[in-house]
1. With each run of n ≥ 4 DSSP H residues scored as -39500 (n - 2.57), what mean residue ellipticity at 222 nm is computed for the chain after dividing by its residue count and rounding to the nearest 500 deg cm²/dmol?
2. Could you pull out the longest piece of the chain with no exposed loop trypsin sites (Lys or Arg not before Pro) in it, calling a site exposed if DSSP puts it outside H, G, I, E, B and it has at most 16 other Cβ atoms within 10 Å?
3. For region 70-120, just say rounded, prolate or oblate: build the C-alpha gyration tensor, square-root its eigenvalues into a ≥ b ≥ c, call rounded for a/c under 1.5, and beyond that prolate if a/b exceeds b/c, oblate if not.
4. Each residue of region 107-124 in order: what ³J(HN,Hα) in whole Hz does its phi give by Karplus 6.51 cos²θ - 1.76 cosθ + 1.60, θ = phi - 60°, with x for Gly and Pro?
5. Kindly write out, for region 63-70 in residue order, the coupling ³J(HN,Hα) from the Karplus curve 6.51 cos²θ - 1.76 cosθ + 1.60 (θ = phi - 60°), rounded to whole Hz, with x marking Gly and Pro.
6. Quick one: work out the % antiparallel among DSSP beta bridges in the chain, nearest 5.
7. Restricting to Cα pairs below 8 Å that are 6+ residues apart, what does the relative contact order work out to for the chain? Please round to a whole percent.
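Each value in this text was obtained by applying a stated rule to the coordinates, not by laboratory testing. All values derive from a computational prediction rather than experimental measurement. A quick note on method: Cβ atoms are made from the backbone with ideal geometry, for glycine too, and the neighbour counts reach across all protein chains shown.
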Amino acid sequence: MTENQGPALKTALAYHRAWTSHNFEHAMSYVAEDIVCQAPAGRLVGAEAFRGFMGPFVEILTRSNLVAAFGDDTTAVLVYDTDTAPVKDAPGAECHTVRDGKITRMRIIFDRLPFEAARRAAAE
């Protein structure tokens, strides 16, 4: 991981530490009110839409391990492994754009298929 952490990386790491520690309210303090997030489920605009997407994921998180983190003054990339109650081994990656200590844009990448299969199995 990067030894010299630029402002974007510091913010992204603080956000990541907060949500992976189940302190979602603190994590949201790093999210801009007008965040635009591109996630596998689609485009989310605004902090409340983001909260509605990310909050339920934090609730089912059982383990997280940061694999890599890189960044500079405005952009940070995090790669991590997670386990959740319904899906073990759910790796993910995020690319953050940060301005004035707040995440203004986020791109989240993960495989939705195992989560959809778990939802279908739970419904049966």
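1. On the way: 4 runs with 44 residues, N = 124.
The per-residue figure over the chain is -10500 deg cm²/dmol.
2. The reported range is 1-87.
3. In terms of gyration-tensor shape, prolate.
4. With coefficients 6.51, -1.76 and 1.60, one gets 10, 10, 10, 7, 8, 6, 3, x, 6, 5, 5, 5, 5, 5, 5, 5, 6, 7 Hz.
5. 7, 8, 9, 6, 8, 7, 8, 9
6. 85
7. 27
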